[in-house]
Amino acid sequence: MELSLKEANGDVHTERIVAGIFADADAEAARMVAEAESASAATMASAREQVLAIERDSKAKTDAQVATIAADSKAKAAIERRKNSLLLQESLSREIVERATRVIADEVRKGGYREVLRGLLTEAAIGLSVEAASVNASMEELPLIDDALLRQVEADVLKATGKPTRLSKVAGDPRVGQGVYLVAEGGRLAYDNGIATRLERERTEIRKRIYQALFDSRIA
């Protein structure tokens, strides 16, 4: 009876030991599981952060590429607009010069064209600024230039500059193109006051006016 009690006490002690071992094992297992879960969570968080960093970097690169493309497209569009604007201005300028040339050419057959010649000759003589010069013009205009007209021009030049000049008309060999052409005595200096040349001198002003008409802007 006494032995059985001891055996019973021994069994209880053994069970406690075993239970303690199982409890320690369970605790260790729980700790290992917790550590694994923590490591897994940290790994997942790190991976998620890496994914987010990659997404941010990708978005930044994409935004930069989009901005570069947009800026490039904007610059190209501006260049194209300016190119088209310049082509339009040049086209209009050329058309205006051609129309003006035709209008002035029609004036030759009108009675008041002698006064036009007087103005052209006076301007050329003042620009040339020599003591003597020969005058040439187109085949249609030469017959309109006589001694009376030349004397008027000499008087106009003297009045404007205070310097005398002597003008004479060339014999034959008319120039091509409307307007007058003066050559100083000796042939070293000349002044082209042809209509085409005059209009070419005015080309900048013509473009300026076209620009103002197209864009309603002031140009200093």
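The values are calculated or read from the model by the stated rules, or taken from the named source; none is laboratory data. Predicted model only: the values in this text are computed from it and were never measured. Cβ sites come from the backbone with ideal geometry, for glycine too, and all protein chains shown count toward neighbours.
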>> Just to be sure I understand, how many residues within segment 73-121 are of a type in the set (A, V, I, L, M, F, W, C), closer than 20 Å to GLU141 by Cα and surrounded by 11 or more Cβ atoms within 10 Å (Cβ to Cβ)?
In response: 8
>> Only one of SER58, SER4 is at pLDDT below 70, assigned to a helix (DSSP H, G or I) and loosely packed, with under 10 Cβ neighbours inside 10 Å. Can you tell me which?
In response: SER4
>> Restricting to segment 151-197, count the residues that are in a helix (DSSP H, G or I), surrounded by fewer than 17 Cβ atoms within 10 Å (Cβ to Cβ) and under 39 Å from the mean Cα position of the chain (by Cα).
In response: 2
